[in-house]
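The structure appears below as structure tokens.
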Amino acid sequence: MTPVISPFALFFASIFTSNILLANFLGMCSFISISKDMKSSNGLGLAVTVVLTVTTAVNWGVLQLLEMLGLEYLRFIVFIIVIAAVVQMLEMIIDRVSQTLYMNLGIFLPLITVNCAVLGVSLFMEIRDYSFWQSVIFGFGSGLGWWLAIMLLSAIRQRVEKAPVPAGLKGAGITMITIGFMAMAFIGFSGMLSVQ
Amino acid sequence: MSDIDTRPGAILKNNLWTSNPIFMQVLGICSALAVTNLLTNTAIMAIGVTFVTGLSSLTVSLIKKWIPRKVRMIVQTLIIAFYVIIVDIALKAYLPEISRSLGPYVGLIITNCIIMGRAEAFAQSNDPLPSLWDGLTSGAGYMGVLMVIAVFRELLGFGTLFGYQILPANFVPWTIMVMPPSAFFLLGIVIWVGKSIMNREGAPA
């Protein structure tokens, strides 16, 4: 809860030690379904990173406004609307700016609105009382952490696909256990620094 | 989807077992994993989810005629957010301790895919009462799996159940059980056991 965290530490903590996915379990749904395919994983990872950075910044401003008006209890609704709006706008901007990027990213953007990681980061930002720059760094770092995790998992899953796995464990079961091992590996980082 | 069996018994069996939201559809596991290190938190969380799923399915079904198809997602999200705010305020007022330890995960009920999934797959095309029942039983199916995971995590991680000491005092707690990886392992094992039993029954997987 202390606001005196160096930005550098915060950035690395949000990627490694408190990875949004492996330590806070956010963004699992699309993580499981998309990670079958490495190319899509990459696209989704990029999209999540962009959206997280932008929405966390916007939601920080919105939160200040709500607190000024004494309407904090509306924050869930407002956050989710902001996220939906940002995603929609990004979609339009990307469509104008680059067609190839739109082709690669377009299908993932609607998925992000219901990605718990995006809302989760905004809520963490609120609970931990981050300043504006901390929020932006936290959002960006969390996005990168999510990206890293999904790339690692999809790489592992391609190998697991060919391995002999018990029938009942195929698919979701083995994926969960794989993620468990990844989470254990990431806990190894937690001795280095921790930010709560 | 018109081939859904809408008899109450069939819905119950379907949601609790044959298409359990967690181990068959792997939906809504974000929050499932985060809160399962203590049974009390898990129970409160699951009741919250059940409440929201039931009532938002009911509401979506009641007003489905007036929602244009194009904006139905955002309308559903707003309905869900409305109920989540009620849960959040109620928790803060009556159970402030638990509300604090659940942290952001209460708010994250909004993005729990189970709720959206039920609204979209069932409430959208069925009458209000079956929808309410469908939402409640889906929540119950979610609760069942969560409780199983939480029992293991709390018992092995702290030696307690619902905060009461169960295992002898000289029991050495398994630290791993209170940390994130164990949640993934246990969920993986629960899915494994569930699917294996189902395969043996010869039900379509």
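The values are calculated or read from the model by the stated rules, or taken from the named source; none is laboratory data. Not measured: the values here are computed from a predicted model. Using ideal geometry, Cβ is built from the backbone for each residue, glycine included, and neighbour counts are taken over all protein chains shown. What goes into the accessible areas is simple: the full protein's heavy atoms, side chains included, and nothing from ligands, DNA or RNA. Shrake-Rupley method; radii C 1.70, N 1.55, O 1.52, S 1.80 Å.
Annotation note: Cβ proximity below 6 Å between a residue of segment B:70-96 that is closer than 16 Å to residue A:83 by Cβ and a residue that is open to solvent by less than 60 Å² (accessible area, probe 1.4 Å) and not in a helix (DSSP H, G or I) (sequence gap 6+ or interchain) occurs for B:75/B:67.
Inspect segment A:158-175 for any residue being among the charged types (D, E, K, R), within 12 Å of chain B (Cβ to nearest Cβ) and closer than 25 Å to residue A:53 by Cα and give the result as yes or no. Checked against the condition, which is being among the charged types (D, E, K, R), within 12 Å of chain B (Cβ to nearest Cβ) and closer than 25 Å to residue A:53 by Cα, segment A:158-175 yields no hits at all.
Inside segment A:55-74, can you point out the residues that are open to solvent by less than 40 Å² (accessible area, probe 1.4 Å) and under 23 Å from the mean Cα position of the chain (by Cα)? Don't jump to the end; show me each part of the working.
Here is the first cut: in segment A:55-74, the residues open to solvent by less than 40 Å² (accessible area, probe 1.4 Å) are A:55-57, A:59, A:61-63, A:66.
Answer for segment A:55-74, where residues must be open to solvent by less than 40 Å² (accessible area, probe 1.4 Å) and under 23 Å from the mean Cα position of the chain (by Cα): A:55, A:56, A:57, A:59, A:61, A:62, A:63.
Taking the condition buried (at least 18 other Cβ atoms within 10 Å of the Cβ) and in contact with a Gly (Cβ under 6 Å, 6 or more places away or on another chain), does residue B:135 pass? Considered against the rule, which asks whether it is buried (at least 18 other Cβ atoms within 10 Å of the Cβ) and in contact with a Gly (Cβ under 6 Å, 6 or more places away or on another chain), residue B:135 comes out as yes. Among the residues making up segment B:1-29, those that are closer than 19 Å to residue A:24 by Cβ and at pLDDT below 70 are B:22, B:26, B:27, B:28.
Could you say whether any residue in segment A:64-81 is part of a helix (DSSP H, G or I), among the basic types (Lys, Arg), over 18 Å from residue A:143 (Cβ atoms) and within 14 Å of chain B (Cβ to nearest Cβ)?
Filtering segment A:64-81 for residues part of a helix (DSSP H, G or I) gives A:64-69, A:72-81.
With among the basic types (Lys, Arg) added as a condition, the list becomes A:75.
Then drop every residue that is not over 18 Å from residue A:143 (Cβ atoms), which leaves A:75.
Among the residues that remain, those that are also within 14 Å of chain B (Cβ to nearest Cβ) are: A:75.
Checking segment A:64-81: at least one residue is part of a helix (DSSP H, G or I), among the basic types (Lys, Arg), over 18 Å from residue A:143 (Cβ atoms) and within 14 Å of chain B (Cβ to nearest Cβ).
Just so you know, in segment A:25-43 the residues that are in a loop (DSSP other than H, G, I, E, B) and surrounded by fewer than 24 Cβ atoms within 10 Å (Cβ to Cβ) include one that is farthest from the other protein chains (Cβ to nearest Cβ), and it is A:37.
Give the number of residues within segment B:148-163 that are open to solvent by 70 Å² or more (accessible area, probe 1.4 Å) and within 28 Å of residue B:16 (Cα to Cα).
Filtering segment B:148-163 down to residues open to solvent by 70 Å² or more (accessible area, probe 1.4 Å) leaves B:152, B:158, B:162.
Going one step further and asking which of them are within 28 Å of residue B:16 (Cα to Cα), we end up with B:152, B:162.
Of the residues in that region, 2 qualify.
Quick one: would you say residue A:59 is at negative phi, touching a residue at least 60 places away in the same chain (Cβ under 8 Å) and within 14 Å of chain B (Cβ to nearest Cβ)? It is true that residue A:59 is at negative phi, touching a residue at least 60 places away in the same chain (Cβ under 8 Å) and within 14 Å of chain B (Cβ to nearest Cβ).
Of all the listed residues (A:123, A:90, A:46), the sole one being within 14 Å of another protein chain (Cβ to nearest Cβ) and assigned to a helix (DSSP H, G or I) is A:123.
Of the helices (runs of 4 or more DSSP H) entirely within segment B:52-170, those holding at least 2 residues that are closer than 23 Å to residue A:30 by Cβ, away from chain A (no Cβ under 14 Å) and not hydrophobic (A, V, I, L, M, F, W, C) occupy B:128-158.
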